[in-house]
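Everything below concerns the one structure shown next.
The values are calculated or read from the model by the stated rules, or taken from the named source; none is laboratory data. Note that the coordinates shown come from a computational prediction; the quantities given were computed from them, not determined experimentally. Positions of Cβ are generated from backbone atoms using ideal geometry, with glycine treated the same way; all protein chains shown enter the neighbour counts. Heavy atoms of the whole protein, side chains included, go into the accessibility calculation; ligands, DNA and RNA do not. Shrake-Rupley method; radii C 1.70, N 1.55, O 1.52, S 1.80 Å.
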Amino acid sequence: MTRTRFAALGALALAGALALTGCSAGSNAASDGGTKSIGTPDGKGKTITVWIMNGDLSPKILDVAAQQFTKAIGAKVKLQLQQWDGITTKLTTALAQQDAPDVVDLGNTQVPVYAATGGLMDLSPYKKELQGGQTWLSGLEGPATVDGKLYGAPLFAGNRAVIYNKKTWADAGVTDVPTSYDQLTADLDKVKAKNPQADFSAFYMPGQYWYGGLQWVWDAGGQIATEKGGKWTGAIDSADAVKGLTAWKDFQNSYSAKSTQDINTDKPAESDVFAQGNASAILGSAWEIGSITTAKPELKDQIGTFPMPSATEGKTQPVFLGGSDLGIPSKSQNQELALYYTKILTSKEFQQDQVFGVDGWEPNSTQLLDAVAGDVDELHKPYFEAASTSRPTPATPGWATIEGDSSFQTMFADVATGRKSPQDAAEGFSEHLTSALNAQQ
């Protein structure tokens, strides 16, 4: 995953929330259980416009998709690469125009924002055909499903796993990869004892790192929020969620330097902290492996990875997925052609041969994760293993407020620093969640 995608999501969320017009979620067709056929439309003499975010799918595989599309139905593809800077305003404007693009590449958690403006076509009638018998990753499908209707087809994913320094661990007497949570903490105790410096983190876990902290909440059986009858209720204050928060605080306070309790992963960049030798492990995205070895090439052969073990024996912690879904604007003049193009990119064959086979992204289904497992290099294999246990964020436009207002970061930092107890921090944040998630209903 590129740094650009993850860094931009928060800004996109807030700007998207401000752009909402109060329209209900758009639909050009009522959901009928996914029984409509996309078919093979006649596209001779026509051209569809496709917006893809720069840094997502490579030109090489997009050219393959265009060739397949043209060969099958005769239509051409006009590809327009989009930059992250200013994309929310540009996309919001474009979706309102009669000459809207025909297919758009959207961050998975941003789909509810654009669906709420009436800007996206309801894909539910075509869901079964788009899935092609696959089980989509819940972290991609969940945020794209608003009020029971599908507004985005999962395209690719990326997530986090543990990146650790094998030499530092070996020097502390740890030579085996931990496969349980108890084994992990026992190993970190050894690393910590070997490296008692105040600024050293056996496991670097900044207090504001909500993407990481959520894994403990989910692992304990907690949820961010629940939905009933169209109304969302914050659930971080449930007994299970607070149990997870408490376990996360114990971990953060035990293994991350005290100076990290009120900061996030970007200032300083956690990959730089690792490269400089001030941390023996981080919970990082795959692209951070490259950042580390670029900063300090000699670490190349010292880096290892593994999925974060669950407190439940034999399992890994659920993860937050970043990634993309494909949406079709409600005002697209070529929706039948757009559906066919979307079907190509989300198909089992294209996902395995191109999205994974060429670009190396995690494909969009649990079956495909299993299918490609044998072809993934050892450093990236844990990411694919962890992706199968992803959890979705709330599929409501109000989620944009949460990603944009830093309230999640504040809650986790309040817990890490001890400014508030896990229970008190969770209760206050759950009230904010309930208000924010229902604000755009």
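Here are a few things to note about the model shown:
- Qualifying residue in segment 270-280 (condition: modelled with pLDDT of 95 or more, within 25 Å of V217 (Cα to Cα) and either open to solvent by 60 Å² or more (accessible area, probe 1.4 Å) or of a type in the set (K, R) (or both)): no
- Residues of segment 314-328 satisfying the condition of being open to solvent by 20 Å² or more (accessible area, probe 1.4 Å) and at pLDDT 95 or above: K315, T316
- Among all positions in segment 168-184, there is no residue which is among the hydrophobic types (A, V, I, L, M, F, W, C), open to solvent by less than 40 Å² (accessible area, probe 1.4 Å) and over 27 Å from G290 (Cβ atoms).
- Residue tally, condition over 17 Å from the mean Cα position of the chain (by Cα) and either open to solvent by less than 20 Å² (accessible area, probe 1.4 Å) or not basic (K, R) (or both), over segment 148-167: 5
- E385 of a type in the set (D, E) and closer than 19 Å to L140 by Cβ: yes
- Segment 270-293, residues that are more than 21 Å from the chain's Cα centre (by Cα), among the polar types (S, T, N, Q) and under 13 Å from P206 (Cβ atoms): N278
- Breaking point among (1) at pLDDT 95 or above; (2) open to solvent by 10 Å² or more (accessible area, probe 1.4 Å); (3) assigned to a helix (DSSP H, G or I); (4) out of contact with any strand residue (DSSP E or B) (no Cβ under 9 Å at 6 or more places or on another chain), for L14: (1)
- Any chance K348 is open to solvent by 10 Å² or more (accessible area, probe 1.4 Å) and free of Cβ contacts under 8 Å to residues at least 40 places away in the same chain: no
- Segment 50-77: number of residues that are part of a helix (DSSP H, G or I), open to solvent by 20 Å² or more (accessible area, probe 1.4 Å) and either closer than 18 Å to P154 by Cβ or in contact with a helix residue (DSSP H, G or I) (Cβ under 8 Å, 6 or more places away or on another chain) (or both): 3
- Boolean, K331 is at pLDDT 95 or above, closer than 30 Å to V77 by Cβ and either part of a helix (DSSP H, G or I) or open to solvent by less than 30 Å² (accessible area, probe 1.4 Å) (or both): no
- No other residue among W232, W169 is at pLDDT 95 or above and part of a helix (DSSP H, G or I) apart from W169.
- Residue match in segment 32-48 (condition: at pLDDT 90 or above, in a loop (DSSP other than H, G, I, E, B), under 23 Å from the mean Cα position of the chain (by Cα) and of a type in the set (S, T, Y)): no
- The residue of segment 123-147 that is surrounded by the fewest Cβ atoms within 10 Å (Cβ to Cβ), among those that are over 22 Å from the mean Cα position of the chain (by Cα) and part of a loop (DSSP other than H, G, I, E, B), is G133.
- Selection count where residues are closer than 21 Å to V174 by Cα and open to solvent by less than 50 Å² (accessible area, probe 1.4 Å), scope segment 290-301: 1
- Criterion: at pLDDT below 95 and closer than 23 Å to S407 by Cβ - qualifying residue of K267, K249: K267
- Pairing each residue of segment 160-175 that is hydroxyl-bearing (S, T, Y) with any residue that is open to solvent by less than 20 Å² (accessible area, probe 1.4 Å), provided the two are 6+ apart or on different chains, yields C-beta distances under 7 Å for Y164/S280; Y164/A281; Y164/G304; T168/V191; T168/S280.
Yes or no, residue by residue, for (1) in contact (Cβ under 8 Å) with a residue 60 or more places away in the chain; (2) among the acidic types (D, E); (3) under 19 Å from P318 (Cβ atoms):
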| residue | (1), (2), (3) |
| --- | --- |
| D199 | yes, yes, no |
| A202 | yes, no, no |
| Q208 | yes, no, no |
| W216 | yes, no, yes |
| K231 | yes, no, no |
| D240 | no, yes, yes |
| K243 | no, no, yes |
| D272 | no, yes, no |
| A275 | no, no, no |
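- Residue in segment 118-127 that is in contact with a Pro (Cβ under 9 Å, 6 or more places away or on another chain) and within 30 Å of S259 (Cβ to Cβ) present: no
- One residue alone among W218, W210 is hydrophobic (A, V, I, L, M, F, W, C), touching a helix residue (DSSP H, G or I) at 6+ places or on another chain (Cβ under 6 Å) and either open to solvent by 10 Å² or more (accessible area, probe 1.4 Å) or farther than 26 Å from D414 by Cβ (or both), and that residue is W210.
- The requirement of being more than 23 Å from S180 (Cα to Cα) and surrounded by 23 or more Cβ atoms within 10 Å (Cβ to Cβ) is not satisfied by D266.
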